[in-house]
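Report on one structure; see the data block that follows.
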Amino acid sequence: MIDFISALIVLIGAAFTLIAGIGLFRLPDVYLRMHAATKAGTLGAGLMLLALALDAQQLEVAARAIAGILFLLFTAPIAAHLLGRAGYLSGSPLWTKTRFDELSDKYDADGRKLTGTPVEDLRRDATKPDDRAT
Amino acid sequence: MAEFGAQFLEWSIDIAYVAIMLSFALTVFRLLRGPTLADRVVALDMMALLGIAFIGLFSIATGEAAYLDVAIALALIGFLATVAFARYIYRGALAERRGTDISDAGDDS
Amino acid sequence: MNLLLVNIVLALVWGAVTASFAPGNLLFGFVLGFLCLWLVRDRFNPRNFHRPGRALGLAGLFLLELCLSAGRVARDTLRPKMTFRPAIIAFPLEVQKEGEIMLLANLISLTPGTLSVDVSTDRSTLYIHAMDVDDPDALRQEIRDGFERRILDVME
């Protein structure tokens, strides 16, 4: 029975890692690729470790595997955020079909200070001016 | 029933191996192709995650729990490497904005 | 007095007294400590005793969002035509402490379709890259109600 559950979890984890790879391949923009790698990739690796925890059936192995999963869960988003920020500042282009970018002129010349957007200035509607034809 | 369970596990491990290998190939494509450095760093982070998944799978397949330590070490190192790369790109971007060299990019957050 | 620290110390004392620091035993000691503190609860702020429940709820939310987000990424990646329309939106922050902002940014990065990019220097705004946004205001409302409220509940 445990074997069956581990096998299912292995399959789901493998599916997610494959989806992450496909995402890295297909998606047209750095930030979208980071979505794929951080979410699907972390879940895939985490599920593999979970299957290992179930399969080994020893408390010490399971404890270490769970610690590994928790570590992945906490560090992957941090890494993605840092990379996204660095990528944006270094000029990684957004996908051409991106709707709008509220961050575009908020950095000062040095790149260090980032001004906030006061509530009145928030973009409320999602359409781009040249969207209306479609 | 236990027979079937073990058989299913064997089979799914094989399928998982193939999936991880395919994912590796796609990630290497992004590593070589990705127009910016940030793309390549995402690919490297993905490869670390794939390594962890592979080691987990291998550990299930061989029944040796010792490989788990390798997976945890890889998770730590992968995270550190990604953060280091991100800082490098960040400081380079700041320096470029200021028109100076990266070595005097000063203090950053 | 920080109740969480007192509880942890009690758990460690239990581990020392029973001569076993196995994780299960420490957890049991933590629960015992929690019960003891609960018995003398009139000396402390009653809100503190709901925190473990809420913290567990937050952790559960983390995991749930991760699974949902991976599912969403799967659906969007595998579709032959890419019909999503991403955007970077500004989210005005209510949480002000560093730890809370970090939790919120992490939770957002694990949520389906959103990734936190940067926080403004005066900590008033969090900029988020969203994968598929039809109505920016609805997204902001969702984050505000779903995550920010829970984080404030746990940490404040």
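Within the range C:58-74, is there a residue that is part of a helix (DSSP H, G or I), farther than 30 Å from C:MET102 by Cβ, open to solvent by 60 Å² or more (accessible area, probe 1.4 Å) and not polar (S, T, N, Q)? No.
Remark: pairs (first residue in the range C:47-68, modelled with pLDDT under 75; second residue outside any helix (DSSP H, G or I) and open to solvent by 50 Å² or more (accessible area, probe 1.4 Å); Cβ separation under 8 Å; 6+ apart in sequence or on different chains) are absent. Scanning the range C:81-93 for residues that are more than 7 Å from chain A (Cβ to nearest Cβ) and at pLDDT 80 or above, we see that the one that is surrounded by the fewest Cβ atoms within 10 Å (Cβ to Cβ) is C:LEU93. Every condition in (1) touching a helix residue (DSSP H, G or I) at 6+ places or on another chain (Cβ under 7 Å); (2) facing another protein chain (nearest Cβ under 9 Å); (3) over 28 Å from A:TRP95 (Cα atoms) is met by C:PHE34 except one, and the failing one is (2). Given the structure, is A:LEU83 more than 23 Å from B:ALA25 (Cβ to Cβ), out of contact with any Phe, Trp or Tyr (no Cβ under 6 Å at 6 or more places or on another chain) and part of a helix (DSSP H, G or I)? The answer is no for A:LEU83.
Those residues that are more than 7 Å from every other protein chain (Cβ to nearest Cβ) and either more than 24 Å from the chain's Cα centre (by Cα) or over 29 Å from A:SER104 (Cβ atoms) (or both), I need them from the range C:68-77; list them, please. Once the filter is applied, which keeps residues that are more than 7 Å from every other protein chain (Cβ to nearest Cβ) and either more than 24 Å from the chain's Cα centre (by Cα) or over 29 Å from A:SER104 (Cβ atoms) (or both), the range C:68-77 yields C:LEU68, C:GLY71, C:ARG75, C:ASP76. The residue of the range A:64-91 that is least open to solvent (accessible area, probe 1.4 Å), among those that are without any contact (Cβ under 8 Å) to a residue 12 or more places away in the chain and hydroxyl-bearing (Ser, Thr, Tyr), is A:THR75. Going by what's in this entry, would B:LEU9 be described as within 12 Å of the chain's Cα centre (by Cα), part of a helix (DSSP H, G or I) and at pLDDT below 95? For B:LEU9, the condition - within 12 Å of the chain's Cα centre (by Cα), part of a helix (DSSP H, G or I) and at pLDDT below 95 - is not met.
When you scan the range B:29-50, do you find a residue that is polar (S, T, N, Q), more than 30 Å from B:GLY92 (Cβ to Cβ) and at the interface with chain A (Cβ under 7 Å from one of its Cβ atoms), even just one? Looking through the range B:29-50, none of the residues is polar (S, T, N, Q), more than 30 Å from B:GLY92 (Cβ to Cβ) and at the interface with chain A (Cβ under 7 Å from one of its Cβ atoms).
Of the listed requirements (1) without any contact (Cβ under 8 Å) to a residue 12 or more places away in the chain; (2) at the interface with chain B (Cβ under 7 Å from one of its Cβ atoms), A:ALA14 misses just one: (1).
Which residue is nearest to A:LEU72 (Cα to Cα), if the candidates are limited to the range C:124-146 and must be within 8 Å of chain A (Cβ to nearest Cβ) and part of a loop (DSSP other than H, G, I, E, B)? That would be C:MET131.
Scanning the range A:23-63 for residues that are closer than 16 Å to C:ALA130 by Cβ, of a type in the set (D, E, K, R) and either in a helix (DSSP H, G or I) or open to solvent by 10 Å² or more (accessible area, probe 1.4 Å) (or both) gives A:ARG33, A:LYS39.
Here C:SER20 meets the list (1) in contact (Cβ under 8 Å) with a residue 12 or more places away in the chain; (2) open to solvent by less than 60 Å² (accessible area, probe 1.4 Å) almost entirely, failing just condition (1). Within the range B:7-17, not a single residue is within 24 Å of A:GLU60 (Cα to Cα), at the interface with chain A (Cβ under 8 Å from one of its Cβ atoms), surrounded by fewer than 19 Cβ atoms within 10 Å (Cβ to Cβ) and not small (Gly, Ala, Ser).
Residue-wise test of (1) open to solvent by 10 Å² or more (accessible area, probe 1.4 Å); (2) at pLDDT 80 or above; (3) within 24 Å of A:SER104 (Cα to Cα); (4) in the same structural domain as C:MET82 (by TED's automatic domain parsing).
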| position | (1), (2), (3), (4) |
| --- | --- |
| C:LYS97 | yes, yes, no, yes |
| C:LEU104 | no, yes, yes, yes |
| C:GLY113 | no, no, yes, yes |
| C:ASP118 | yes, yes, yes, yes |
| C:ASP122 | yes, yes, yes, yes |
| C:ILE128 | no, yes, yes, yes |
| C:GLN141 | yes, yes, yes, yes |
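The values are calculated or read from the model by the stated rules, or taken from the named source; none is laboratory data. These figures come from a predicted structure and were not determined experimentally. Every residue, glycine among them, receives a Cβ derived from its backbone with ideal geometry; neighbour counts consider all protein chains shown. Protein only, heavy atoms only, side chains kept; ligands, DNA and RNA dropped before computing areas. Shrake-Rupley method; radii C 1.70, N 1.55, O 1.52, S 1.80 Å.
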